[in-house]
1. I'd like to check something: does the range 857-871 contain any residue that is closer than 24 Å to Arg663 by Cα, small (Gly, Ala, Ser), out of contact with any strand residue (DSSP E or B) (no Cβ under 9 Å at 6 or more places or on another chain) and without any contact (Cβ under 8 Å) to a residue 40 or more places away in the chain?
2. Could you look through the range 433-448, keep only residues that are within 12 Å of the ligand (Cβ to nearest atom) and surrounded by 24 or more Cβ atoms within 10 Å (Cβ to Cβ), and pick out the one that is farthest from Ala182 (Cα to Cα)?
3. When you scan the range 595-611, do you find a residue that is in contact with a Pro (Cβ under 6 Å, 6 or more places away or on another chain), in a helix (DSSP H, G or I) and touching a residue at least 24 places away in the same chain (Cβ under 8 Å), even just one?
4. Looking at the range 451-463 only, could you name the residues that are modelled with pLDDT of 95 or more, near the ligand (Cβ under 8 Å from one of its atoms) and part of a loop (DSSP other than H, G, I, E, B)?
5. How many residues are surrounded by 20 or more Cβ atoms within 10 Å (Cβ to Cβ) and either within 19 Å of Tyr469 (Cβ to Cβ) or among the aliphatic types (A, V, I, L, M) (or both) if we restrict to the range 801-816?
6. Checking the structure you have, find out if any residue of the range 901-923 is surrounded by 18 or more Cβ atoms within 10 Å (Cβ to Cβ), over 44 Å from the mean Cα position of the chain (by Cα) and modelled with pLDDT under 90.
7. Quick check: is even one residue across the range 566-573 surrounded by fewer than 20 Cβ atoms within 10 Å (Cβ to Cβ), outside any helix (DSSP H, G or I) and among the hydroxyl-bearing types (Ser, Thr, Tyr)?
Amino acid sequence: MQITKLRTNHLDRPLGFGFDKAILSWLTTDTLAARQAASRVEVSLTADESSTVYDSDRVKTVYAPDSLRIVSGMDSAGWALPLTLQPMTRYFWRVTVWSDLGEEAVSEWTWFETPRSNGAPWKAEWITSPFGREAHPVFSRRFVLAEKPVSVRCYIAGLGMYEARLNGEKLGDEVLLPGFHAYDSYLMYQTLELEPRAGENVMEVTLGEGWYMGRYGLKSRAPRYGEEYLLLAEIRLKYADGREEVIGTDENWQVVRSPITFDSIYDGETYDAALKPGQPQSALYAKAPEVSLIARINPPLRKHERFTPVLSPENPQVLDMGQNFAGWCRFYCDAPAGTEIRLLYAEYMKDGDVYRDNLRKAKCVYTYISDGTPRWVEPRFTYFGFRYVKVEGWPGALDPASFTGCAVYSSLERTGFIETSDVQLNRLYENTLWSLKSNFVDIPTDCPQRDERMGWTGDIQIFADTASYHMDTAAFLDKFMLDLMCEQKRLDGSVPCVVPMCRYELNGVSAWGDAACVIPWRLYEHYGDREMLSRHFDSMRGWVDWISRQNDRHASGFLWDGCAQLGDWLSLDGDSVYGGTDRTFVATAYYYYSALLTSRAASVLGLDEEEERYRRLAQSIREAFGNEYFTRTGSISIRTQTACVMALYLDLAPENAKAKTARLLVRLVRENGVQLRTGFVGTPWLLPVLSDIGETQLAYDLLFKQEYPGWMYEVNRGATTIWERWNSIEPDGEMNRDGMNSFNHYAYGSVAGWLYGYAAGIRQPEDRAPSHGMRSICVSPRPDRRIRHFCCRYAAPAGEYEVRWDWQGIECTVRVKVPFGCEAQIALPDGRTQQAASGEYSFTLSLPLPKYTLDAQLDALLSDPAARDAIARLFPQAIRGVAFQYEMHTLRQLLSSPFSEMSDEQIRALEEELSAIEYEPKR
Ligand code: BGC
């Protein structure tokens, strides 16, 4: 037995994070035991028992009857350490677990370190540069130490963006500090670990403009967050004898001009290595920003994967990284003094050159002016979304070996892994992961390349579930929700479409604003952290109440009418970006969903009054929705795929309309030639709903659709990330003529959520409250013959589940691993169910091949010799061609055409014959 994955508030050894409480979690592996019988947590000031400050002793784990819900003792998916924490202290902790088989295992020591005490006065002053905005400042402070301290920390806040160095070495491995947050509501400081030497040391901090001061946001001419470079730093040195020395920012710090002469998130950076720093000047005292300064809570942004490019065969000046991602290119430059090298970033190649029109007003250029000294060069205060880099000014032939692509994203732990025998599906899956990585750059952005890169709330609302299977998003989205809540305070409860808002005040839009309710609930489903849910509850309530107030004002009752809406953004069934589904329909459906989730959250939090109030509200919205959008006989009046999907997913269809709506959805897909028409709102729920109504095969048909529109269309076009539009590149090879073509938007990547939750079938049960950290779940795999081998692992906080299937002929072996301390209700497609405790399970399924129905696609029938033969004999007209046949997709459509000469009896005979023909589903 082993104890692994020790985390504090979902983070591995967090340094200087501002938590209200330390929430500890761990995993028990390598055991045949089923559950934790008891546990013990020890906390010490050193990585041994010599300075223990807390010892729980052995605590029995008590479960609720017939379940794994822990009613007392420690829950390994998250347990609040009952210890009052001292500031600026590193706490080491370890766990001992006893299993129900009597085994005992002790973990290694891990640690977390607390930040400064909240509100304690700083022994430092905010300083600024005498150059104003004319030059990027490098602040520095020399200090001489008589002896080497035992530990040194620097508590630091730098604006707009900063990079700190000690004796020329960059401190820490984080980039783009301090990250991006609602700077006009709060600022975050970081804790850096320093190792100065005895003797002379130089601390240096270079400041850039970043998100805070530079051009950023949709209204980029509007005032920025701040106009002034600002620095606050407190270096605390501790000596062996207990002495402490503090060096804070003040007028003794000096400033010179940085060789970085320009930086902008959108436009890039310029580094003039030949620039003379000038005479050092004294720093100036600055007015402290008026907002509160808190300890950082965002997971670190770091460089991750490295790519060695190749030269593009189309253009010897262009480097191809082979993957679209966010980050930058590092290069080794050995060029004569005065050489100016320019790197032009792009996502796409067209006509033998980099295509950059889709970057719109973002210039995306890195410029380096050499001073003749060979060195590695890379940007510090910008990033790009790219696959290709065009290099201008390189002396001699371009050598790709001198360049490395660095993917930059927030450091979240990977939790989901899917691998299949289908290369194309694997690529699609990887693309969803790369779009996550590219867009988790401290905030969840829409895209990493053009002049947006903003926290569009709708995009992350849609993708949060998928993201939380792929990676542990808890700390990242918890921080984003703090930003969202800060902005809500400015908007009387409404939620902006982009967070942080950066003066772009579009707000109060359904599916976007609903991020306030959906994200906390997704987090709760995946992590079961009650504290976190309670932190976000005001956002949930604030948003629903705000909609209710709008409705009162517009006297629209429980239908949400009267606000600007984005509808089913970018769907294919309308004549504008808003799509073809009535926008009041979408808004009201989401209003219902948010009210419902708020009542569920209230129930978890024991807020009975709120639970009742929002449940009633949801009920009233549901009734109003039913009256408005369904006829008395149960027909839905908005007849789009998205409308059906929303009505079914959210259970908004009245009883007598459920089956009809499901049939309509299937018709709308089949009679379109198995095509989806859905946009941002409908797409994430389309495949889940098809599975829920027993049409999983149709869901797979959509998944594997090779032509436009569908997921594989872009894979076939060489996509390495998810596109913004189904047709960002048109079937004729041209760029979408309506513009707005990002090749890296994760919304449609939500299809991976279906792979985890439906294909593998790893999900929280729907009929009861989510279990803590997915301790007790449903596993209902849906193997499809087109995927011969499929393996999915999901490391939930409570344990790592695994589902795999392997086909041999018509037999399929399904294997399920339920981790220690967990349980699963396994439901198989042949109807078998099993309640499974921790362990490994194997099932053999004999699933017959599907047989044709009248709803089969005509082209599929006609290309199958057996079916074609039956049709030739029983419906020869179809072989000759019925009028308008090319506009019909299913056999049923053709049979019911006014030009079909088939009698009811003949149709029945044809149906009977076809229903005896088995077929192999096509890819
Ligand atoms: C963004 C989207 C966003 C949308 C809403 C676009 O420009 O890139 O992803 O959700 O606007 O209007």
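1. no
2. Applying the filter and picking the extreme gives Ser435.
3. Taking every residue of the range 595-611 in turn, none turns out to be in contact with a Pro (Cβ under 6 Å, 6 or more places away or on another chain), in a helix (DSSP H, G or I) and touching a residue at least 24 places away in the same chain (Cβ under 8 Å).
4. The one that is modelled with pLDDT of 95 or more, near the ligand (Cβ under 8 Å from one of its atoms) and part of a loop (DSSP other than H, G, I, E, B): Met454.
5. 6
6. no
7. no
The rows are residues; the columns are (1) small (Gly, Ala, Ser); (2) touching a Leu at 6+ places or on another chain (Cβ under 7 Å).
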position: Thr261; (1), (2): no, yes
position: Glu269; (1), (2): no, no
position: Pro277; (1), (2): no, no
position: Gln281; (1), (2): no, no
position: Tyr285; (1), (2): no, no
position: Ser292; (1), (2): yes, no
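The values are calculated or read from the model by the stated rules, or taken from the named source; none is laboratory data. All values derive from a computational prediction rather than experimental measurement. All Cβ positions, glycine included, derive from the backbone under ideal geometry; neighbour counts span all protein chains shown.
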